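Please read the structure below before turning to the comments.
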Amino acid sequence: METSSPSYSEIVLEEWNGSSSTKLSKTATITASPSLFIQRSGGRFNHVWRRVLQAFVPEGFPSSVTPDYVPFQVWDLLQGLSTYIRMMLSTQALLSAIGVGEKSATVIGATFQWFLRDLTGMLGGILFTFYQGSNLDSNAKMWRLVADLMNDLGMLMDLLSPLFPSAFVFIVCLGSLSRSFTGVASGATRAALTQHFALQNNAADISAKEGSQETVATMIGMALGMLLARITTGHALSIWFCFLSLTMFHMYANYRAVRCLALTTLNPERSSIVFQHFMKTGQVLSPETVSKMEHVLPIWTTSLSSRSVKSMHMQVHLGVRVSSLNHQELMDVLHSAGSHYKKAKYLLVEKKGIISAILHKDSTSKDVLQSFFHALVMANLTDKNKSVQLESQSWMDKQYEVFIQKLSSSGWKTERLLSPSIMWKANWICGPLDAKID
């Protein structure tokens with residue numbers, strides 16, 4: 001008995017190239033009817049260009065990153081380019097001050113000066129991490145700007161060093177100290193931003209491609225910097241004009257870069273902005289809208305009028321030490337522990353418009369977030385001559401879950417509050433009169 005296999009008049013096999021399902025391009029079509037025929041699509045140049053591009057953009061781009069990735073990277077690369085050009089000018093001045101090219105200069109003297117410069121920078125980096133390390137995550141935009149400003153000051157010190165030979169070591173150590181802050185703050189904030197950009201758990205890929213982009217910017221910047229240094233050699237006025245002009249552009253590009261960012265994490269200021277708008281309208285602002293309203297410069301640089309609009313978060317003190325409270329405040333805390341906060345993992349006490357939050361030793365990140373919003377509710381009620389504790393607890397019981405759900409649906413991450421580390425916590429036990437409160 002003979003079995004007949006199904007026959008096909010034509011079989012077509014297509015070859016597609018691309019790392020993202022939305023960015024695939026057909027490269028070849030193979031047809032069997034009945035002989036084999038291969039038809040290639042697209043030019044070889046397009047194929048080579050795609051391969052080169054893969055070294056500089058994350059896999060799956062643009063769907064694998066947030067929409068603010070491209071504008072941020074453009075401005076970030078421009079500010080990096082200006083940095084490397086200026087670096088050649090400042091390094092030239094620094095080497096000249098050390099004595100490179102002079103017969104009177106000694107190797108041991110130059111080595112010792114360079115050693116002091118590097119040692120100061122290392123110690124400065126450790127001290128900066130100790131005092132501000134926990135604060136970098138919650139204010140990534142601000143510290144990104146501060147980091148580059150400190151880098152500008154460090155380069156300025158190097159450029160000034162030849163003008164003051166008697167204070168050379170002191171000046172270059174100040175410059176190294178300034179740049180050490182830059183290294184810590186820039187690295188830490190970059191890690192936070194990389195996590196923000198990664199939509200497909202591809203933070204490592206984004207970081208690697210960012211390194212490739214920085215390498216190209218470095219090479220171009222160094223080449224332009226060497227050319228500029230050669231042209232301006234011996235012309236002090238030209239050197240200072242180029243340096244200051246590039247510094248102004250560098251600061252502008254950094255400002256534009258951080259203004260492009262629409263972070264979806266909640267820090268005290270962003271939480272305060274969305275909360276105040278929700279109290280007025282019942283709606284939650286999107287991260288893109290809030291990014292245009294929040295401060296990217298230190299709060300003291302803004303005018304008093306604009307500061308008062310969004311400064312409610314400044315009225316909240318998280319992680320207050322219990323022993324720092326006075327007698328009346330301690331009595332309020334003990335009363336609150338037995339009445340308003342029996343099930344909560346935090347206690348709140350109000351005095352002259354300042355809300356102090358005491359966290360339980362077993363509190364979680366969600367408890368910290370809840371305590372902060374509860375404190376904001378109390379701060380919002382302090383000027384309305386109401387029973388702050390009762391009114392705020394009533395709002396939390398009725399509105400808090402609705403508020404959190406609206407935050408999540410608007411694109412906010414509600415798992416935690418990005419705040420400085422909370423070092424002081426407490427423990428309280430609510431029970432009969434003979435029970436103790438630690």
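The values are calculated or read from the model by the stated rules, or taken from the named source; none is laboratory data. No experiment lies behind these values; they were computed from the predicted model shown. Using ideal geometry, Cβ is built from the backbone for each residue, glycine included, and neighbour counts are taken over all protein chains shown. These accessible areas exclude ligands, DNA and RNA; they are computed on the full protein's heavy atoms, side chains included. Shrake-Rupley method; radii C 1.70, N 1.55, O 1.52, S 1.80 Å.
This table checks each residue for (1) over 30 Å from residue 149 (Cβ atoms); (2) assigned to a helix (DSSP H, G or I); (3) at pLDDT 75 or above; (4) touching a strand residue (DSSP E or B) at 6+ places or on another chain (Cβ under 6 Å).
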residue	(1), (2), (3), (4)
27	yes, no, no, yes
39	yes, no, no, yes
45	yes, yes, no, no
49	yes, yes, no, no
56	no, no, yes, no
62	yes, no, yes, no
67	no, no, yes, no
72	no, yes, yes, no
77	no, yes, yes, no
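Mind checking which pairs have a first residue in the range 392-403 that is among the small types (Gly, Ala, Ser) and a second that is outside any helix (DSSP H, G or I), Cβ under 8 Å, 6 or more apart or different chains?
392/348
Pull out all pairs, ordered by first then second residue, where Cβ-Cβ is under 6 Å, the residues are six or more apart or on different chains, the first lies in the range 333-347 and is over 11 Å from residue 367 (Cβ atoms) and hydrophobic (A, V, I, L, M, F, W, C), and the second is part of a loop (DSSP other than H, G, I, E, B) and modelled with pLDDT of 75 or more.
The qualifying pairs are 337/428.
Quick check on this structure: which one of 98, 85 is modelled with pLDDT of 85 or more, open to solvent by less than 70 Å² (accessible area, probe 1.4 Å), among the β-branched types (Val, Ile, Thr) and farther than 30 Å from residue 420 by Cα? Walk me through how you get there before you give the answer.
Values: 98 fails: modelled with pLDDT of 85 or more.
One residue alone meets the criteria, 85.
If you check every pair at least six apart or on different chains, which have Cβ atoms under 8 Å apart with a residue in the range 208-231 that is of a type in the set (Val, Ile, Thr) first and a residue that is at pLDDT 90 or above and not in a helix (DSSP H, G or I) second?
Within 8 Å, no pair qualifies.
Kindly indicate the residue of the range 409-438 that is open to solvent by 100 Å² or more (accessible area, probe 1.4 Å) and in a loop (DSSP other than H, G, I, E, B) and also modelled with the lowest pLDDT among those meeting that condition.
436
Yes or no, residue by residue, for (1) within 28 Å of the chain's Cα centre (by Cα); (2) farther than 17 Å from residue 344 by Cβ:
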position: 387; (1), (2): no, yes
position: 392; (1), (2): no, no
position: 396; (1), (2): no, no
position: 399; (1), (2): no, no
position: 406; (1), (2): yes, yes
position: 409; (1), (2): yes, yes
position: 414; (1), (2): yes, yes
position: 420; (1), (2): yes, yes
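I need a count of the residues in the range 223-240 that are open to solvent by 70 Å² or more (accessible area, probe 1.4 Å) and farther than 22 Å from residue 75 by Cα.
Filtering the range 223-240 for residues open to solvent by 70 Å² or more (accessible area, probe 1.4 Å) gives 224, 226-227, 230-231, 233-235, 237.
Those still in the list that are farther than 22 Å from residue 75 by Cα too: 226-227, 230-231, 233-235, 237.
Matching residues across the range 223-240 total 8.
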